[in-house]
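Have a look at the structure below, then the notes.
Just so it is clear, none of the values below were taken in a lab; they were calculated from the coordinates. Keep in mind that what you see is a predicted model, and the values were worked out from it rather than measured. As a convention, Cβ positions derive from the backbone with ideal geometry for all residues, glycine included, and neighbour counts pool all protein chains shown.
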Amino acid sequence: QVQLVESGGGLVQAGGSLRLSCAASGRTFSSYATGWFRQAPGKEREFVAAITKSGGATYYAELVKGRFTISRDDAKNTVSLQMNSLKPEDTAAYFCAAHPTYWGTNSNGYFYWGQGTQVTVSS
């Protein structure tokens, strides 16, 4: 089992950047594929990005492609989400999730979840 803790959220102006981190404890993070999801008030949780456990492949939602970058640092047991050119519509709680093999877009496919970190983008 692995425990996930997100950090790095905050308030930023449109066009700015934030870097979210997902730290794992309990087991080696390199044993898990990892995804980032977000949920805005009154909306369903939506897929943002995912990375395989080797880090050899990534996948992004169309809405964030070219602006967000997912990466992993297994030495630090973390997966990061670099978010650039932020827009007000990126405002949401961001969650990381992990699974031994699944790295798709369906949130139901992930076993482990963090508590989330809030990102607010002002216009």
Problem set entry | For peptides 23-36, 52-65, 71-84, sequence by mean Cβ density within 10 Å, most packed first | 23-36, 71-84, 52-65
Seminar exercise, completed: Sequence order, the stretch 5-15: Karplus ³J(HN,Hα) from phi using 6.51 cos²θ - 1.76 cosθ + 1.60, θ = phi - 60°, Hz rounded, Gly and Pro as x, gives 9, 8, 8, x, x, x, 9, 9, 7, 4, x
Exercise. For the stretch 18-23, in order, what is each residue's ³J(HN,Hα) by Karplus, 6.51 cos²θ - 1.76 cosθ + 1.60 with θ = phi - 60°, in whole Hz (x at glycine and Pro)?
Worked result: 9, 10, 8, 10, 10, 9
For this session: Name the long-range amide H neighbours of Thr105: under 5 Å, sequence gap of 5 or more, or other chain; modelled H, no Pro or chain starts.
Result: none
Problem set entry | Proximal aspartates and glutamates relative to Lys76, as straight alpha-carbon distance under 18 Å, when same-chain residues fewer than 8 apart are discounted | Glu6
Exercise. Farthest toward the dipole's positive end in the chain, which of Ala57, Ala40, Phe111, given Cβ charges of +1 (Lys, Arg) and -1 (Asp, Glu) about the Cα centre?
Worked result: Ala57
Seminar exercise, completed: For the chain, the Kirkwood Rh over every pair of distinct alpha carbons, in Å, works out to 14.0
For this session: Name the long-range amide H neighbours of Val119: under 5 Å, sequence gap of 5 or more, or other chain; modelled H, no Pro or chain starts.
Result: Gly10, Ala92, Ala93, Tyr94
Problem set entry | Contour minus Cα-Cα distance for Lys65 and Ser7 (0.36 nm per residue) | 18.7 nm
Exercise. In Å, what is the Rg of the alpha-carbon atoms in the stretch 21-88, and how long is Dmax?
Worked result: 12.5, 37
